[in-house]
Amino acid sequence: FIECKHVEGDIHNFNISVAVDSNFMTMVETNASYPLIDPHTNSILQWESAKEIFDSIVYGAWINGEPGMVFLDRINEDNTVKKEFGDMVATNPCGEQPLLGNESCNLGSINLSKFYYTGEGTDWREYINWNRLTKVIDLSVHFLDNVIDANKYAVLDIQEMTQATRKIGLGVMGFADLLVQLKIPYDSEEALEVGSELMQFIRTTADIASLNLGGLRGPFPAWTKSKYRMHENYRNACRVTVAPTGTISMIASCASGIEPLFALVWKKQNILEGKTLYYVNESFERIAKEEGFYSDTLMEELSNGKSLADFEVVPLWVKEVYVTAPQISADKHVAMQAAFQPWVDSGISKTINFSNDATLEDVHTAYLEAWKLGCKGI
């Protein structure tokens, strides 16, 4: 399984991850061996080197971007209905939604770039429309809860399980666009602070909205056998997820999920018409014209992969703020995911970008760091 995508083969249209736990990761660090157990007989077949298995995972990620890893024990710490339904053993294909058997993804995302407004002072918090964000979170939780009842289910087992736990996944997109508006570089300590505080606010507000719905409509049916206490009568067993938001981010013209801007200018090939389409980040285009460094030549060279750092005409602050995914070090990518994770009761979809000259050791370090910082997967 680990090696099935070392060379791209027939299963190239979805992501794969290897499930491990903290015991395994500790054995990797101590170069220990673990027993390979036959699930049918519970007998030990042989002993495996945890480090060798981990190195194989790292090699796959280095050579072809996969497999990822999910940390099952950490995932099950937020499994609020474990007593009734047991452990979660898998996630959906992008890793952001750990689910029990027959549960379903019910996701929605708030475009954070729409909550910037002109404030006064030097504190970034003064430039966020917190009142409007609260109203949108309340509405979103209500909407996603309605989806569970309005949906027509293809299979009865899925309907019964989904309605038993009533899990929803309210997430975000446009985070990088908001940072640009705040003039905060994505790979800065302040950006980590923004991400953590914003997600904490969203989580707290979503929890309150679900509690209010629980009071009006009753808690999710499996609540009586959940780990929640008497006053925690949530309508939904889980409330918050950070999904990749690929398609809806394109529709909304914003950065996906909590990802940085992946490019400022890019080309897309229209395979149906055989045309090349050019896209320019709207905010960057506006700033380029306002600051007087816009040119067709600059846009063309950026679309061909050149960096803003290569152009003296571009002001330093623009180079710092309009940083793109390939320019951000892997440890900064992991740190951003870790900043959001404490406030997300499900998982996070986050791409960890490496430069083309990254080493096996770089990947090794990133995967270990994701585990140490409390991520549920990488």
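The values are calculated or read from the model by the stated rules, or taken from the named source; none is laboratory data. Here the structure is a predicted model, which is why all the values come from computation and not from measurement. Backbone-built Cβ (ideal geometry, glycine too); neighbour counts: all protein chains shown. The protein model used for the area step is the full one, side chains on, heavy atoms only, and it has no ligands, DNA or RNA in it. Shrake-Rupley method; radii C 1.70, N 1.55, O 1.52, S 1.80 Å.
Would you confirm whether any residue within region 66-84 is free of Cβ contacts under 8 Å to residues at least 60 places away in the same chain and among the basic types (Lys, Arg)?
no
Determine whether Gly86 is in contact with a Phe, Trp or Tyr (Cβ under 9 Å, 6 or more places away or on another chain) and either closer than 30 Å to Gln159 by Cβ or open to solvent by 80 Å² or more (accessible area, probe 1.4 Å) (or both).
No.
Those residues that are among the aliphatic types (A, V, I, L, M) and more than 14 Å from Phe201 (Cα to Cα), I need them from region 106-140; list them, please.
If the condition is that a residue be among the aliphatic types (A, V, I, L, M) and more than 14 Å from Phe201 (Cα to Cα), then Leu107, Leu139 are the ones that fit.
What pairs come up if the first residue lies in region 261-272 and is farther than 20 Å from Phe175 by Cα and open to solvent by 100 Å² or more (accessible area, probe 1.4 Å), the second is of a type in the set (A, V, I, L, M) and part of a strand (DSSP E or B), and their beta carbons are under 8 Å apart, counting only those six or more places apart or on different chains?
Note: pairs meeting the criteria are Gln269/Leu277.
Specify the residue that is surrounded by the most Cβ atoms within 10 Å (Cβ to Cβ); the eligible residues are those in region 248-258 that are part of a helix (DSSP H, G or I) and out of contact with any strand residue (DSSP E or B) (no Cβ under 6 Å at 6 or more places or on another chain).
Here the answer is Ile248.
Give Ser17, Ser56 a once-over and let me know the one that is hydroxyl-bearing (Ser, Thr, Tyr) and modelled with pLDDT of 95 or more.
Exactly one of Ser17, Ser56 is hydroxyl-bearing (Ser, Thr, Tyr) and modelled with pLDDT of 95 or more, namely Ser56.
Which one of Ser140, Ser109 is in a helix (DSSP H, G or I), open to solvent by 20 Å² or more (accessible area, probe 1.4 Å) and small (Gly, Ala, Ser)?
Checking each option against the conditions leaves just Ser140.
Take the residues of region 83-142 that are in contact with a Cys (Cβ under 6 Å, 6 or more places away or on another chain) and closer than 29 Å to Leu72 by Cβ: which is modelled with the lowest pLDDT?
Applying the filter and picking the extreme gives Asn92.
What is the one condition in (1) over 21 Å from Pro342 (Cα atoms); (2) touching a residue at least 40 places away in the same chain (Cβ under 8 Å); (3) open to solvent by less than 50 Å² (accessible area, probe 1.4 Å) that Gln97 does not satisfy?
Status for Gln97: all satisfied but (1).
Select the helices (runs of 4 or more DSSP H) contained entirely in region 147-247, then report the ones holding at least 3 residues which are at pLDDT 95 or above, open to solvent by 10 Å² or more (accessible area, probe 1.4 Å) and out of contact with any helix residue (DSSP H, G or I) (no Cβ under 8 Å at 6 or more places or on another chain).
In region 147-247, the matching helices (runs of 4 or more DSSP H) lie at 156-165, 189-217.
Suppose the filter is out of contact with any Gly (no Cβ under 8 Å at 6 or more places or on another chain), in contact (Cβ under 8 Å) with a residue 24 or more places away in the chain and farther than 20 Å from Gln341 by Cα; does Leu211 pass it?
Spelling it out, Leu211 is indeed out of contact with any Gly (no Cβ under 8 Å at 6 or more places or on another chain), in contact (Cβ under 8 Å) with a residue 24 or more places away in the chain and farther than 20 Å from Gln341 by Cα.
Among residues belonging to region 309-345 that are assigned to a loop (DSSP other than H, G, I, E, B) and of a type in the set (Ser, Thr, Tyr), point out the one that is nearest to Asp177 (Cα to Cα).
Filtering region 309-345 for residues that are assigned to a loop (DSSP other than H, G, I, E, B) and of a type in the set (Ser, Thr, Tyr), the one nearest to Asp177 (Cα to Cα) comes out as Tyr322.
Given the condition open to solvent by 60 Å² or more (accessible area, probe 1.4 Å), within 24 Å of the chain's Cα centre (by Cα) and either within 23 Å of Ser188 (Cβ to Cβ) or touching a residue at least 60 places away in the same chain (Cβ under 8 Å) (or both), answer yes or no: does some residue in region 289-309 qualify?
No.
Assess whether Asn79 counts as being at pLDDT 95 or above and under 19 Å from Gly377 (Cβ atoms).
Spelling it out, Asn79 is indeed at pLDDT 95 or above and under 19 Å from Gly377 (Cβ atoms).
Of the residues that sit in region 356-377 and are open to solvent by 20 Å² or more (accessible area, probe 1.4 Å), in contact with a helix residue (DSSP H, G or I) (Cβ under 7 Å, 6 or more places away or on another chain) and not acidic (Asp, Glu), which one is nearest to Asp21 (Cα to Cα)?
Checked region 356-377; the qualifying residue nearest to Asp21 (Cα to Cα) is Trp371.
Taking region 262-295 as the region of interest, how many residues are among the hydrophobic types (A, V, I, L, M, F, W, C) and either closer than 17 Å to Ile110 by Cα or part of a helix (DSSP H, G or I) (or both)?
3
Quick check: anything in region 315-324 touching a strand residue (DSSP E or B) at 6+ places or on another chain (Cβ under 9 Å), over 30 Å from Pro98 (Cβ atoms), open to solvent by 70 Å² or more (accessible area, probe 1.4 Å) and not basic (Lys, Arg)?
No, every residue in region 315-324 fails to be touching a strand residue (DSSP E or B) at 6+ places or on another chain (Cβ under 9 Å), over 30 Å from Pro98 (Cβ atoms), open to solvent by 70 Å² or more (accessible area, probe 1.4 Å) and not basic (Lys, Arg).
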